[in-house]
């Protein structure tokens, strides 16, 4: 599939899932999506065409995902889904196995086909942002996602992560549409099913769809409206729940097939839970959200002026979430990649790292400031998404940054771009927050995107060549993961 084909498909999907979503009343600018796709293509093609095996992404490709794709191709049309070499559900691998059978099974061909998912992801992110704000602000807010190491790895090598994030973004955009209609029910249920067949942990994405059904097209204007008009809300909510049943049945089928939530050979990696998840996610919102201060500062000022109780409750909850669990570097406890490697270098009094605790509190302020800068309905849909994602990641013992950072960047981009209309209204009324009025909203996200691109380039340039660690023919050799060559 060519880039032109990708753009055409993106146009068809994007028009449907973000219909009537434009905040500017103007024709949506396409250049943010096109430029983001071009940048990702230009950066991912060199390692693809040269067959690079540098870094963590290459390691996961040669040890898990490429063997799975090739095994499915060999077993076609009846691949054995009971115990393969990936911890995820197999849709990504089945699609690429089909590509290999039809187009060609060289590693380069498969990697080029896998790149299409990543192009759709960053293109849809740029297009959706442009529906909500000015083109320059949209490009700036979507850039960090495209520049993230964890998105780049999945673009340049055979990893299913970006296919999953594409589904997450599509579900969120469907749920965030101002209208609740047949497309919300049918499209939301169908996309959720495809999503969980790609990565089963994303079953949490049913939560924002349920919230969209409960809220309906209007959603009300205050919290009390959530519990009024039960005659209208219960049928809509029930219809949306029914629409997500196929996704739950799909996960249930794999649970029965595997005897657990992952294939048997990976079950000793993913048994248990991680109490530090919420603290870690809030810390990521703190670090990354700092660059979006021009977008969340007005919401914080509005809350300080109108409802300080929300700020007090937010700080209290954040402190409890950050101080209750241990937040030190601990590989055995799943805290050992990304930010955790920096945490390991600095003191952590009483097992609580200041590099997690203080940013987590800031992250809670960032989230609340952004939520209170978007319309009521979108606020509660995104709250449902945040709660669902946190619950799903808590249920996994491996608290890796690559499982969390892309979601944080997606949420920041959507909320920051959605805040533009509220920020403009406050500016006209003289209520705009000082930082929101003095800072260019595109500047911070642009700096973050450049910084993340630099980190990505540095990691790839300094990475060592990946090696084959396991024999896929002998699942008994799959033990607990060792230190990965990268964050």
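The requirement of being touching a helix residue (DSSP H, G or I) at 6+ places or on another chain (Cβ under 6 Å), modelled with pLDDT of 95 or more and in a helix (DSSP H, G or I) is satisfied by residue 453.
Can you pull out every residue in the stretch 132-167 that is out of contact with any helix residue (DSSP H, G or I) (no Cβ under 6 Å at 6 or more places or on another chain) and surrounded by fewer than 24 Cβ atoms within 10 Å (Cβ to Cβ)? Result: 134, 136.
To keep it simple, each residue is scored yes or no on (1) modelled with pLDDT under 95; (2) assigned to a helix (DSSP H, G or I); (3) surrounded by fewer than 18 Cβ atoms within 10 Å (Cβ to Cβ).
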| site | (1), (2), (3) |
| --- | --- |
| 170 | no, yes, no |
| 190 | no, yes, yes |
| 204 | no, yes, no |
| 218 | yes, no, yes |
| 253 | no, yes, yes |
| 268 | yes, no, yes |
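Residue 211 meets the conditions (1) within 22 Å of residue 124 (Cα to Cα); (2) in a helix (DSSP H, G or I) in every case but one. The failed one is (1). Among the residues of the stretch 225-244, just one is within 27 Å of the chain's Cα centre (by Cα) and surrounded by fewer than 13 Cβ atoms within 10 Å (Cβ to Cβ), namely 242.
Annotation note: of 282, 315, the sole residue that is under 23 Å from the mean Cα position of the chain (by Cα) and assigned to a helix (DSSP H, G or I) is 282.
Answer with yes or no whether residue 112 is in a helix (DSSP H, G or I), at pLDDT 95 or above and under 15 Å from residue 43 (Cβ atoms). Let's see the steps before the verdict.
Numbers: in a helix (DSSP H, G or I): yes; at pLDDT 95 or above: yes; under 15 Å from residue 43 (Cβ atoms): yes.
The answer is yes for residue 112.
Going through the stretch 317-332 one residue at a time, which ones are more than 11 Å from residue 352 (Cβ to Cβ) and crowded, with 18+ Cβ neighbours inside 10 Å? Those that are more than 11 Å from residue 352 (Cβ to Cβ) and crowded, with 18+ Cβ neighbours inside 10 Å: 318, 321, 329.
Can you pull out every residue in the stretch 58-82 that is under 17 Å from residue 262 (Cβ atoms), in a loop (DSSP other than H, G, I, E, B) and in contact (Cβ under 8 Å) with a residue 24 or more places away in the chain? Across the stretch 58-82, the qualifying residues are 81, 82.
Is at least one residue of the stretch 364-380 farther than 23 Å from residue 211 by Cα and either assigned to a helix (DSSP H, G or I) or within 17 Å of the chain's Cα centre (by Cα) (or both)? Show your work before the answer.
Residues of the stretch 364-380 that are farther than 23 Å from residue 211 by Cα, as a first pass: none.
The answer is no, given that none of the residues of the stretch 364-380 is farther than 23 Å from residue 211 by Cα and either assigned to a helix (DSSP H, G or I) or within 17 Å of the chain's Cα centre (by Cα) (or both).
Figure legend. Inter-residue proximity from the stretch 292-308: first residues in contact (Cβ under 8 Å) with a residue 24 or more places away in the chain and at negative phi, second residues loosely packed, with under 13 Cβ neighbours inside 10 Å and in a loop (DSSP other than H, G, I, E, B), beta-carbon distance below 8 Å, spacing 6+ or different chains. Indicated pairs: 294/440. Filtering the stretch 333-355 to residues that are under 25 Å from the mean Cα position of the chain (by Cα), assigned to a helix (DSSP H, G or I) and either loosely packed, with under 14 Cβ neighbours inside 10 Å or touching a residue at least 40 places away in the same chain (Cβ under 8 Å) (or both) leaves 333, 339, 340, 341, 342, 355. Per the conditions (1) modelled with pLDDT under 95; (2) surrounded by 18 or more Cβ atoms within 10 Å (Cβ to Cβ); (3) outside any helix (DSSP H, G or I), the sole criterion not satisfied by residue 399 is (1).
The values are calculated or read from the model by the stated rules, or taken from the named source; none is laboratory data. Model, not experiment: these values are computed from the prediction. FYI the Cβ positions are ideal-geometry reconstructions off the backbone, even for glycines, and counts take in every protein chain you see.
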